[in-house]
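Engineer: Have a look at this one before I ask anything.
Nothing in this text is a laboratory measurement; each read-out follows from the coordinates by a stated rule. Because the structure is a prediction, the values reported are computed rather than measured. So basically every Cβ, Gly included, is an ideal-geometry build from the backbone, and we count neighbours across all protein chains shown.
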Amino acid sequence: MPPDPDPLVDALVRTAYDVMRVVTRVAASHDVSVTQMRVLGILRDREPRLSELADYLGLDKSSISGLVDRAVRRGLLARRPDQEDGRASRVLLTAAGRDLARSAAGQVADGIEPLVAHLTRSERATLARLFAPDPTAAG
């Protein structure tokens, strides 16, 4: 007989499914994939090299290249030469991409709000602190 599930792990998995349902719905409403939504979110505050973007997403460079090419054709992303490495390019949001990222982020926040509405301001702050990425962690 399997051990009883850890209540925290169980709650996190259920919450992850609920969040992904919201993200999937918002992505579909903008006719983008969940991975494209992730790209828009990543690029809100950075202009990574294509290889760095692939690392953020856990994809190989050929997969990310096609993903970026499709978003460039839609006018959501642009490439610019990397000042430090002439062989590389950086990926950035266009104005349309920034507008879509901003709109989608608001819709995701609105969709997630009912999941956390029962939490106090203090509980929200604690969870945000506990789940913030550890800048000293590797990987």
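Engineer: What does the extension gain come out to for ARG80 and ASP110, with contour length at 0.36 nm per residue minus their alpha carbon separation? Please list the in-between numbers first.
Structural biologist: Details: separation 30, 0.36 × 30 = 10.80 nm, distance 3.33 nm.
That pair, ARG80 and ASP110, stretches by 7.5 nm at full extension.
Engineer: Also, quick follow-up: Mean separation of Cα pairs under 8 Å and 6+ residues apart, divided by the residue count of the range 51-139: what relative contact order is that in percent?
Structural biologist: 14
Engineer: What trypsin sites (Lys or Arg not before Pro) does the range 23-58 have in DSSP loop regions with at most 14 other beta carbons within 10 Å?
Structural biologist: Filter output for the range 23-58: ARG44, ARG46.
Engineer: Roughly how many debye, to the nearest 20, is the charge dipole of the chain about its Cα centre, given +1 on each Lys and Arg Cβ, -1 on each Asp and Glu Cβ, and no other charges?
Structural biologist: That gives the chain a dipole magnitude of about 600 debye.
Engineer: Another question, if that's okay. Taking R0 as 22 Å, what FRET efficiency do you get between THR126 and TYR17 from their Cβ-Cβ distance, rounded to the nearest 0.05?
Structural biologist: Efficiency computed from Cβ-Cβ geometry: 0.45.
Engineer: For THR24 paired with LEU57, estimate the spin-label separation in nm (one decimal), with each label point 7 Å from Cα along the Cα-to-Cβ line.
Structural biologist: That separation, rounded to one decimal, is 1.9 nm.
Engineer: If you build a Gaussian network model of the chain, linking Cα atoms that sit under 10 Å apart, which residue out of LEU76, LEU127, LEU115 swings the most?
Structural biologist: Result: LEU127 has the largest fluctuation of those listed.
Engineer: Scanning the chain for helices, which whole DSSP H stretches are 27 Å or more long along the axis (Cα) and average 0.0 or more by Kyte-Doolittle?
Structural biologist: Those that pass (Cα extent of 27 Å or more, hydropathy at least 0.0) are 7-29, 95-116.
Engineer: Can you give me the orientation-averaged projected area of the convex hull built on the Cα atoms of the chain, in nm²?
Structural biologist: Over every viewing direction, the Cα hull of the chain projects on average to 11.6 nm².
Engineer: Counting only helical runs of four or more DSSP H residues, what would the 222 nm mean residue ellipticity of the chain come to if each run contributes -39,500 (n - 2.57) and the total is spread over all its residues?
Structural biologist: On the way: 6 runs with 86 residues, N = 139.
My calculation for the chain gives -20000 deg cm²/dmol from helical runs alone.
Engineer: Filter the trypsin sites (Lys or Arg not before Pro) in the range 71-111 down to the DSSP loop ones having no more than 13 other Cβ atoms within 10 Å, then list what survives.
Structural biologist: ARG87
Engineer: What GluC sites (Glu not before Pro) does the range 52-130 have in DSSP loop regions with at most 13 other beta carbons within 10 Å?
Structural biologist: Passing sites in the range 52-130 are GLU84.
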